[in-house]
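Q: Let me give you the structure first, and then I'll get to my questions.
A short reminder: the numbers here are calculations on the coordinates, not readings from a lab. Quick caveat: nothing in here was measured; it's all calculated off a predicted structure. Glycine also receives a Cβ, built like all others from the backbone with ideal geometry; neighbour counts cover every protein chain displayed.
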Amino acid sequence: MKRREFLRRLGVGSLAAMGFSRFALAQARPVKLAALLPLTGPFAFAGNAGREGFVDGVDYVNEVLGGIAGRKLELIVEDTGYDVAKGTAAFNRVLSRERPDELLFVYGDSTGISKALAPEIARIGLPYSATSFANELADPEKYPTIFVFGPTYNDMMEALLRQIRLQKGKARIALVYSNTEFGRDPIPYVKERAKALGMEVVHEEVTPPAFTDATPVVLNLRRANPDFVLLQGYALSAEPLILRAAREQGLRAQFMGTYYSAELVLIQRAGPAAEGFTVTYHNPYWYDTLVPAVDEMRKFRQRKGRDTSYRPTYYMGSLAVALGVAEAMRRAAQAGKLTRAGVVEYLEKIGDYNAMGLVQGYQFVNHRIPYTKLYRASVKDGRFNAITDWLKLA
């Protein structure tokens with residue numbers, strides 16, 4: 001399909017056809033999106049990849065889609081170091097500096113900061129999302145302006161438990177998670193749901209978000225003798241260590257993880273021990289070249305002189321947020337409602353949009369997108385391969 005026809009089907013014409021000029025785009029007051037990301041600290045790898053996704057998404061909106069009704073979409077980035085106090089300070093700094101009629105969306109870095117800021121975000125009516133998929137945030141009655149751009153951690157665990165049930169009904173399960181809001185978030189649900197499904201949780205291991213020796217963790221797992229081990233709350237800071245130690249110790253359990261474990265670096269770092277590691281993931285991989293968004297962004301980055309080699313999953317997720325938020329802004333602007341309230345209204349109405357395949361669709365249910373796929377690591381292929389189609393979790 002020719003690129004012009006592709007963009008026409010997407011609902012995008014040339015800048016001239018849209019009635020916008022480069023001069024008008026440059027002169028109008030910007031619309032701003034702030035991203036508070038862990039550019040330093042234990043999850044800096046994810047934060048910097050996420051920043052790159054936001055940069056590409058915002059540049060694409062401005063240069064290809066004509067901005068937001070002729071106004072430039074401007075990205076503000078602040079480092080949080082994955083620290084709630086530092087992140088809160090960054091949030092307050094941005095809010096005090098920017099005009100409410102220009103700053104129409106904020107993206108946070110973690111479950112911890114999101115839960116800490118959620119009451120204030122709701123009070124001021126600020127459209128918000130985050131790297132977090134915490135279940136508590138997907139509550140439009142309590143937090144009417146917060147959106148989770150994917151399934152919650154509870155949803156992800158539900159998908160993994162369904163797979164476990166298919167493989168072995170009355171399975172023995174161990175839970176290994178970090179002592180963070182991120183790590184703890186889905187644990188109560190997993191325990192309750194596993195019991196309802198006739199499974200037994202035989203061990204819990206709570207660890208720091210990063211450590212250098214997984215031997216004690218694996219020795220405890222060996223004593224518990226689980227069939228499956230669910231990992232949560234690490235973002236590659238510990239999973240490869242655990243997998244390698246498990247292989248060395250002869251632990252035969254199958255390991256599983258959620259969205260932030262679904263990255264090729266896990267296979268590269270864990271080596272043969274990564275074989276069969278099963279994850280939930282709801283964006284395409286950079287190697288999914290049949291997805292229009294992947295092909296389009298490869299070409300866009302090439303035109304910009306940017307590296308077109310593999311982009312991590314954290315990049316893909318941030319890109320999906322940037323394009324989804326921009327689409328809601330564009331529709332709100334077309335309706336004469338380009339305000340914070342208007343962005344919230346149109347985020348709730350963009351279920352027909354899928355950002356060129358970056359997500360299954362933006363059909364929010366209780367302000368989260370309850371769809372995922374399961375992927376399994378193949379060391380031979382050096383990638384995660386899908387083992388299911390889309391799973392609906394609500």
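Q: Distance between the C-alpha centers of the range 68-97 and the range 250-288? Whole Å please.
A: 31
Q: Now for a different question. Could you let me know the centre-to-centre spacing of the range 367-394 and the range 36-66, using Cα atoms, in angstrom?
A: If you average the Cα positions of each part, the centres end up 23 Å apart.
Q: Taking neighbour Cβ counts within 10 Å as the exposure measure, how do ASP213, ASP155 sort from fewest upward?
A: ASP213, ASP155
Q: OK, next. Report, in deg cm²/dmol and to the nearest 500, the calculated mean residue ellipticity at 222 nm for the chain, where each DSSP H run with n ≥ 4 adds -39500 (n - 2.57) and the sum is divided by the residue count.
A: Helices in the chain give a 222 nm mean residue ellipticity of -12500 deg cm²/dmol.
Q: What percent do you get for the relative contact order of the chain when only Cα pairs under 8 Å and 6+ apart count?
A: Once normalised by length, the contact order is 16 percent.
Q: Counting pairs of alpha carbon atoms under 8 Å apart in space and at least six apart in sequence, what relative contact order in percent does the range 301-380 give?
A: Reported relative contact order: 20 percent.
Q: Helix 84-97 versus the longest principal axis of the chain: what angle, 0 to 90°, nearest 10, using Cα atoms?
A: Tilt of helix 84-97: around 10 degrees.
Q: Mind listing which GluC sites (Glu not before Pro) in the range 104-209 are in a DSSP loop and have 11 or fewer other Cβ atoms within 10 Å?
A: For GluC sites (Glu not before Pro) across the range 104-209 that sit outside H, G, I, E and B with at most 11 neighbouring Cβ atoms in 10 Å, the list reads GLU141.
Q: Hey, another quick one. Sorted from largest to smallest, which semi-axis lengths in Å does the alpha carbon gyration tensor of the range 250-332 give for its equivalent ellipsoid, taking the root of 5 times each eigenvalue?
A: 30, 17, 9
Q: Using amide H atoms built in the peptide plane, which far-off residues or other-chain residues are under 5 Å from VAL229 H to H?
A: So VAL229 has HN proximity to ALA174, GLN254, PHE255, MET256.
Q: Oh, and also: What is the helix-to-structure angle for 313-334, meaning the angle in degrees between its Cα long axis and the longest Cα principal axis of the chain, kept from 0 to 90 and rounded to the nearest 10?
A: 30
Q: Can you sort MET316, MET156 so the residue with the fewest Cβ neighbours within 10 Å comes first?
A: In increasing order of surrounding Cβ atoms, one gets MET316, MET156.
Q: Be a star and scan the range 219-235 for residues whose amide nitrogen sits under 16 Å from the point 7 Å along the Cα-to-Cβ vector of VAL206.
A: Counting only backbone N, you get 232-234.
Q: Mind checking the full-extension length gain between ASN92 and ALA394? Use 0.36 nm per residue of separation minus the Cα-Cα distance, one decimal, nm.
A: Residue separation times 0.36 nm, minus the Cα-Cα distance, leaves 105.3 nm.
Q: For THR215 paired with GLU141, estimate the spin-label separation in nm (one decimal), with each label point 7 Å from Cα along the Cα-to-Cβ line.
A: For THR215 paired with GLU141, the spin-label model returns 5.2 nm.
Q: While we're here: Order the peptides 384-394, 77-87 from the highest to the lowest mean number of other Cβ atoms within 10 Å of their residues.
A: For the peptides 384-394, 77-87, the packing ranking is 77-87, 384-394.
Q: Using 1/(1 + (r/R0)^6) with R0 = 56 angstrom and r between the beta carbons of GLU248 and ARG29, what's the FRET efficiency to the nearest 0.05?
A: 0.45
Q: How high is the relative contact order of the range 185-246, in percent, with contacts defined as C-alpha pairs under 8 Å that are six or more residues apart?
A: Answer for the range 185-246 is 37 percent.
Q: Which residues does a label at ALA386 reach in the range 356-376, if reach means a backbone N under 17 Å from a point 7 Å past the Cα toward the Cβ?
A: The answer is 356-363, 370-376, whose backbone nitrogens lie closer than 17 Å to the label point.
Q: While we're here: Using semi-axes √(5λ) of the Cα gyration tensor in Å as the read-out, say which of (i) 57, 23, 16; (ii) 44, 28, 19; (iii) 37, 22, 19 was calculated from these coordinates.
A: The calculated read-out lines up with (iii).
Q: Still on this structure, please answer the following. According to a simple spin-label model (label point 7 Å from Cα along Cα-to-Cβ), what is the distance in nm between ARG193 and ASN366?
A: Reported label-point gap for ASN366 and ARG193 is 1.1 nm.
Q: A further question follows. Angle, helix 292-303 long axis vs. longest principal axis of the chain, Cα atoms, 0 to 90°, nearest 10?
A: With rounding to tens, the tilt is 60 degrees.
Q: State, to one decimal in nm, how far the label point of ARG162 lies from the label point of SER309, with both points 7 Å from Cα in the Cβ direction.
A: In this crude label model, ARG162 to SER309 measures out at 3.7 nm.
Q: Now for a different question. Only bridges with both residues in the chain count here: give the DSSP antiparallel percent, nearest 5.
A: If I count the DSSP bridges inside the chain, around 25 percent turn out antiparallel.
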